[in-house]
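Computed from the coordinates by the stated procedures, all read-outs in this text should not be read as laboratory data. As the structure is a computational prediction, the values presented were derived from the model and not from experiment. As a convention, Cβ positions derive from the backbone with ideal geometry for all residues, glycine included, and neighbour counts pool all protein chains shown.
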Amino acid sequence: MEMLEHAPEVEQVRRLVTEVPGPRSRELDARRASSVASGVGVGLPAYVARAGGGILVDVDGNHLIDFGSGIAVTSVGNAAPAVVERVQAQVAELTHTCFMVTPYEGYVAVCEALAELTPGDHDKRSALFNSGAEAVENAVKIARTFTGRQAVVALDHAYHGRTNLTMALTAKNMPYKHGFGPFAGEVYRAPMAYPLRWPGGGTKTREQIAEEAFDAFVSMLHTQVGESNTAAVIVEPIQGEGGFVVPPHGWLQSLSHYCSEHGILLIADEIQTGFCRTGDWFACEHEDVVPDLITTAKGMAGGLPLAAVTGRAEVMDSVHTGGLGGTYGGNPLACAAALGAIETMRTEDLNARARQIEKLFRSRLDRLRDKHPEIAEVRGRGAMMAVELTAGPDDLTPEPVATAAINKRCHSQGLVTLTAGTFGNVLRFLPPLVSPDHLLEEGLDIVEDAFAHVLG
């Protein structure tokens, strides 16, 4: 079969030829305002025409440095060659049959790859879906079926999606939950091991915080829910929308052991942290934690919509035939993209690259913190780094206004950045793992300028 020629590679330079957003983007944004529901927000209305590596090219010809990756989706970069080739080949053969009607090999191949890559050497099964929220909902369904229990425990500052059940699991009201209730029942919330904001955290070691946070978790679950009523605990090994909160070492292991002891399934939500983002295939590997179920999406398919639940065979197979699925779940094009993305991660060793990116960012961000006492903490792992802004070194009052202003300044200078955090006071960085160092350094120069511009 004749393949389409590759588009020219996107030049890996920042170049501003208009203001950002430019005139053509503003025209498109006017069209958006008259046709797209206003509830769909846009962070930076610079409309993208092409992308590759660490650069987004907008319709005005501006080359923007990408520190967002579409919220950790394009980890292998936009239009990665292995993804493009596989998708082009697949789209010429068939675009859809519905795996539940007449199956195809790509779905099986992705599930085989997930069994190989996810933590643990036990027998595994997977089911494929379209979005992270779908994966989380189905993980809860599976956990309830296997255990015969109903309660699910989530954490403070958690984010798990925008569907009814996942909104119940999500901790942040605005913009995710406000006005959308009532939410699904039998969902409970426990304290998160958030070192910066743990009571007395500034005077305690991370080991002490891990112990206290685990004790608080156990107390809440035991007294308010009951172990024998709890189907699952769902946890992000590093919280995403909650502000890239990294729990202290040992806390996640304690949770895992506790769940195992009481017949509670541990669901690791690795939708943002998975597929090399943190320097391991999955973030829970950092502490040798093997979850019973793991949910994935975002970075697994190079930008195409695909999600999965992977877990112990006896757990996954506890659901009756026909109980899992969906018309588009595991679409052939998305499966082809996932296989191309995984190939790229392996051949380019993007786990090692994520660790290199962390060293570069941490060095620069630590120096930035020395200049600006409003940076209360630099945190993250791999190419998932963040800074939290507060009123000052002895005042943890969140500074969402300054954070938003810094974010806006970065945008105007051609750097795509994102905010996060329960209080909106975290600036997060998620560059594509294939970004060259010179773009990362230039992007961090822009970040430094933005801090100086806003904070002085």
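Where the centre of each part is set by its Cα atoms, how far does the range 115-136 sit from the range 334-409, in angstrom?
That distance is 26 Å.
Scan around Gly77 for amide H atoms under 5 Å from its own, H built in the peptide plane at 1.01 Å from N, and keep only partners 5 or more places away or cross-chain.
Leu433, Val434
For the range 135-140, just list the computed ³J(HN,Hα) in residue order, Karplus coefficients 6.51, -1.76 and 1.60, θ = phi - 60°, integers in Hz, with x standing in for Gly and Pro.
Working through the residues one at a time gives 4, 5, 4, 6, 4, 5 Hz.
Under 5 Å between amide hydrogens, which residues at least 5 positions from Leu430 or on another chain qualify, with H placed 1.01 Å from N in the peptide plane?
The answer is Gly68.
Over all directions, what mean area does the Cα convex hull of the range 83-347 project, stated in square nanometres? Intermediate values should be presented prior to the final figure.
On the way: hull surface 57.5 nm².
Computing the convex hull of the Cα atoms and averaging its projections yields 14.4 nm².
Divide the volume of the convex hull of the Cα atoms of the chain by its number of residues and quote the answer in cubic angstrom per residue.
About 147 Å³ per residue, rounded to a whole number.
Along the positive direction of the dipole of the range 99-243 (beta-carbon charges: Lys, Arg +1; Asp, Glu -1; about the Cα centre), which of Gly120, Gly132, His178 reaches farthest?
Of the candidates, His178 comes out farthest on the positive side.
Under a Cβ-only charge scheme (Lys and Arg +1, Asp and Glu -1), can you give me the dipole magnitude of the range 83-347 about the Cα centre, in debye to the nearest 20?
820 debye
Please say if the range 1-92 is rounded, prolate or oblate, where rounded means a/c under 1.5 for a ≥ b ≥ c the square roots of the C-alpha gyration tensor eigenvalues, and otherwise the choice is prolate for a/b larger than b/c and oblate otherwise?
It comes out prolate by the Cα gyration axes.
When the Cα centres of the range 142-170 and the range 260-318 are compared, how far apart do they sit, in Å?
Taking the Cα centre of the range 260-318 as reference, the centre of the range 142-170 is 15 Å away.
Using a ≥ b ≥ c from the Cα gyration tensor of the range 172-293 (square roots of the eigenvalues), is it rounded, prolate or oblate, where a/c under 1.5 gives rounded and otherwise the larger of a/b and b/c decides, a/b for prolate?
rounded
Would you list His372, His122 from fewest to most Cβ contacts within 10 Å?
Numbers: His372 17, His122 13.
Final ranking by Cβ density, sparse to dense: His122, His372.
Take the alpha-carbon centre of the range 202-246, take the same for the range 179-195, and report the distance between them in whole Å.
13 Å
Short version: ³J(HN,Hα) in whole Hz for each residue of the range 214-225, in order, from phi by Karplus 6.51 cos²θ - 1.76 cosθ + 1.60 (θ = phi - 60°), x for Gly and Pro, what are they?
Once θ is set to phi - 60°, the couplings for the range 214-225 become 5, 4, 5, 4, 4, 4, 4, 5, 5, 7, 9, 10 Hz.
Among Val40, Leu56, Thr422, flag the residue with its Cα farthest along the positive direction of the charge dipole of the chain, charges on Cβ as +1 for Lys/Arg and -1 for Asp/Glu.
Val40
Lysine pairs in the range 83-347 with Cα distance under 23 Å, only those 8 or more apart or on different chains: how many are there?
Values: Lys124/Lys141; Lys124/Lys298; Lys141/Lys172; Lys141/Lys177; Lys141/Lys298; Lys172/Lys298; Lys177/Lys298.
Within the range 83-347, the lysine pair count is 7.
Going by how many other Cβ atoms sit within 10 Å of their own, how do Cys259, Cys98 line up, fewest first? Walk me through the numbers on the way to the answer.
Values: Cys259 22, Cys98 15.
Ranked by crowding around the Cβ, least crowded first: Cys98, Cys259.
Determine, for Glu261, Glu236, Glu348, the number of other Cβ atoms within 10 Å of each Cβ, and report the residues in order from fewest to most. Intermediate values should be presented prior to the final figure.
Working: Glu261 9, Glu236 28, Glu348 17.
Listing Glu261, Glu236, Glu348 from fewest to most nearby Cβ atoms yields Glu261, Glu348, Glu236.
Name the residue from His262, Val290, Gly279 whose Cα lies farthest towards the positive end of the charge dipole of the range 254-325, charges +1 on Cβ of Lys and Arg and -1 on Cβ of Asp and Glu.
Gly279
Amide H of Ala307 versus every other amide H placed in the peptide plane: which residues, excluding those fewer than 5 positions away on the same chain, fall under 5 Å?
So Ala307 has HN proximity to Phe129, Asn130, Ser131, Gly330.
From the phi of every residue in the range 405-414, what ³J(HN,Hα) in whole Hz does the Karplus formula 6.51 cos²θ - 1.76 cosθ + 1.60 yield, where θ is phi - 60° and glycine or proline is x?
Result, rounded to whole Hz: 5, 5, 4, 5, 5, 4, 4, 5, 9, x.
To the nearest 20 debye, what charge dipole does the range 286-367 have about its Cα centre, counting +1 at the Cβ of each Lys and Arg and -1 at the Cβ of each Asp and Glu?
In total the dipole reaches around 520 debye.
Could you give the size of the charge dipole of the chain about its Cα centre, using +1 on the Cβ of each K and R and -1 on the Cβ of each D and E, expressed in debye and rounded to the nearest 20?
1020 debye
For Thr347 and Thr205, calculate 0.36 nm times their separation in residues minus their Cα-Cα distance, and state this gained length in nm to one decimal.
Full extension of this stretch gives 47.2 nm more.
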